[in-house]
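The values are calculated or read from the model by the stated rules, or taken from the named source; none is laboratory data. Bear in mind the structure is a predicted one, so any value in this text is a computation, not a measurement. Every residue, glycine among them, receives a Cβ derived from its backbone with ideal geometry; neighbour counts consider all protein chains shown. These area figures cover heavy atoms from the full protein model, side chains too; ligands, DNA and RNA do not enter into them. Shrake-Rupley method; radii C 1.70, N 1.55, O 1.52, S 1.80 Å.
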Amino acid sequence: MLNLDQIIGLIAPDICLGCGAEGDVMCGQCMQTAGEPPVSCCAGCKALSVNSKTCDSCKSWLNIYAVVVANNYEGVYEQLIHSLKFDMKRKAVVPISKMMTTIAPNLPSDTIVCALPTASSRIRQRGFDHAKLLAKAYITQLPKEFPWNEWQLAHFLGRKSNVRQLGSSRAQRISQMEKEYYVKNPVNVKGKTILLLDDVMTTGASLSAAARVLKRSGAKRIYATVFAHKI
Ligand SMILES: [Zn+2]
Ligand SMILES: [Zn+2]
């Protein structure tokens, strides 16, 4: 039995955003030739760093040990995000998450993968939770070898309401988001290495706030993987 996405695919097949070929949101060929990930740098200030480690000065506000970025937010990568979040094309999570898994950091086998929670108003608008969909696709597409094959997916974080990031300064946005997020079961977070997933990083306020909340619940170390960095 075909699901709704498959039926729509038969009537109006997807067009590859890279080359225009009919079939997928992004064809296999274009996935292979997608650009090299940006150079390894601190996501906070763009200073070059080894393994995308956050520099000492940005660590004080970003609270994340390393942020691995798959692409800059431009061209076909921007279009993929647009397809998922504004054209409601669920299938766009496949190439997005696939590209994120190709730069999976080499973290311990007991790492927990966690998505940033989406505002419920957005979930209602789209009819699906794009962040949870992305996290699920990410975990299933990770390399089937140690340590990645042992990583678990858990949705530790909850979101209280629908407040948008209205503050003008970074500090204001971080504290606003910090009040938004909460840890559902702090006992499960204690002592854990957590890899946060986010589709687009702009100022880093959401990631930073999520990391603060998780650390307050005793998380050992927080990493992040981002599909596209908007500069
Ligand atoms: Zn293509
Ligand atoms: Zn920095």
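Quick notes on this structure:
- Annotation note: of ASN63, ASN106, the sole residue that is open to solvent by less than 80 Å² (accessible area, probe 1.4 Å) and more than 16 Å from ligand 1 (Cβ to nearest atom) is ASN63.
- Qualifying residue in the stretch 48-56 (condition: buried (at least 16 other Cβ atoms within 10 Å of the Cβ), assigned to a strand (DSSP E or B) and of a type in the set (Lys, Arg)): yes
- ASN71 passes every criterion in (1) outside any helix (DSSP H, G or I); (2) closer than 22 Å to LEU214 by Cβ; (3) away from ligand 2 (no atom under 11 Å from the Cβ) apart from (2).
- Among the residues of the stretch 125-135, those identified as part of a helix (DSSP H, G or I) and touching a residue at least 40 places away in the same chain (Cβ under 8 Å) are ARG126, HIS130, ALA131, LEU133, LEU134, ALA135.
- When the residues of the stretch 17-43 are filtered to those that are free of Cβ contacts under 8 Å to residues at least 60 places away in the same chain and in a helix (DSSP H, G or I), the one that is least open to solvent (accessible area, probe 1.4 Å) is CYS30.
- Only one of the numbered conditions (1) within 16 Å of ligand 2 (Cβ to nearest atom); (2) hydrophobic (A, V, I, L, M, F, W, C); (3) under 17 Å from LEU142 (Cα atoms) is not met by LEU107, and that is (1).
- Yes/no for CYS16 being more than 16 Å from ligand 2 (Cβ to nearest atom) and among the hydrophobic types (A, V, I, L, M, F, W, C): yes
- Cβ-Cβ distances below 6 Å connect the following pairs, each with a first residue in the stretch 96-124 that is closer than 15 Å to TRP151 by Cα and part of a loop (DSSP other than H, G, I, E, B), a second residue that is among the polar types (S, T, N, Q) and open to solvent by less than 20 Å² (accessible area, probe 1.4 Å), and a separation of six or more residues or different chains: LEU107/THR193; PRO108/THR193; THR111/THR193.
- Checking GLN79 against (1) in a helix (DSSP H, G or I); (2) touching a helix residue (DSSP H, G or I) at 6+ places or on another chain (Cβ under 8 Å); (3) at pLDDT below 95, the condition it does not meet: (2)
- Any chance MET88 is more than 12 Å from ligand 2 (Cβ to nearest atom), within 30 Å of ARG124 (Cβ to Cβ) and exposed (fewer than 14 other Cβ atoms within 10 Å of the Cβ): yes
- The set of residues in the stretch 73-85 that are open to solvent by 50 Å² or more (accessible area, probe 1.4 Å) and among the polar types (S, T, N, Q) contains only GLN79.
- Residue match in the stretch 203-210 (condition: open to solvent by less than 70 Å² (accessible area, probe 1.4 Å) and part of a loop (DSSP other than H, G, I, E, B)): yes
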